[in-house]
Amino acid sequence: MRPNFLLMGHFKKLKAWEHARALAVVSKPLIERLPSTERSGLADQWRRAASSVVLNIAEGASRPGNKEFRRHLSIARASLDEVEAIIDLAVGLDYLRREDVTKVAAVRDECARTVYGLIRKLGA
């Protein structure tokens, strides 16, 4: 049976989804600043990973049972790690400065904490 906090309604009411959506939105301007040589590489991967977080939370929330939701949250969590690695790589390659990514990194971190907390609430 689903916990009461998930019976509240639509996935848009989940803090994890709100943070994931914010991550995708704040990532966009930075993705656009990557060099044109990275348009089909790092930029596309960052865009897909950020979108994956949003979409997996939404899809998982609509699935019956905690097991399915946890599976989608685990995928979202992996995509959050991918975003973190991409940001680090973009800074390491001098595409972006550390101060340029402060906000997106903070949003990513908050989203990761929220997703992990939701996974814990759903139990094993």
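A few comments on the model shown:
- As for the range 94-113, it holds at least one residue that is surrounded by fewer than 19 Cβ atoms within 10 Å (Cβ to Cβ) and over 20 Å from V26 (Cβ atoms).
- Hits in the range 56-82 (condition: farther than 17 Å from D109 by Cβ and of a type in the set (V, I, T)): I75
- Complete set of residues in the range 95-124 that are in a loop (DSSP other than H, G, I, E, B) and either of a type in the set (K, R) or touching an Asp or Glu at 6+ places or on another chain (Cβ under 6 Å) (or both): R97
- The residue list A50, A85, A90 contains one member that is under 16 Å from V107 (Cα atoms) and open to solvent by less than 30 Å² (accessible area, probe 1.4 Å), which is A50.
- Checking I57, I75 one by one, the residue that is part of a helix (DSSP H, G or I), open to solvent by 30 Å² or more (accessible area, probe 1.4 Å), β-branched (V, I, T) and in contact with a helix residue (DSSP H, G or I) (Cβ under 7 Å, 6 or more places away or on another chain) is I75 and no other.
- Residues located in the range 14-52, provided they are in contact (Cβ under 8 Å) with a residue 24 or more places away in the chain and not in a helix (DSSP H, G or I): L14, L34, P35
- Restricting the range 20-43 to residues that are in contact with an Asp or Glu (Cβ under 9 Å, 6 or more places away or on another chain) and closer than 13 Å to V83 by Cβ, the residue that is surrounded by the most Cβ atoms within 10 Å (Cβ to Cβ): L23
- Lone unmet requirement of (1) crowded, with 17+ Cβ neighbours inside 10 Å; (2) at pLDDT 95 or above for F69: (2)
- The set of residues in the range 60-72 that are in contact with a helix residue (DSSP H, G or I) (Cβ under 8 Å, 6 or more places away or on another chain) and in a loop (DSSP other than H, G, I, E, B) contains only R63.
The values are calculated or read from the model by the stated rules, or taken from the named source; none is laboratory data. Since the structure is predicted, the reported quantities are computational estimates derived from the model, not experimental observations. Cβ: placed from backbone, ideal geometry, glycine included. Neighbour counts: every protein chain shown. What goes into the accessible areas is simple: the full protein's heavy atoms, side chains included, and nothing from ligands, DNA or RNA. Shrake-Rupley method; radii C 1.70, N 1.55, O 1.52, S 1.80 Å.
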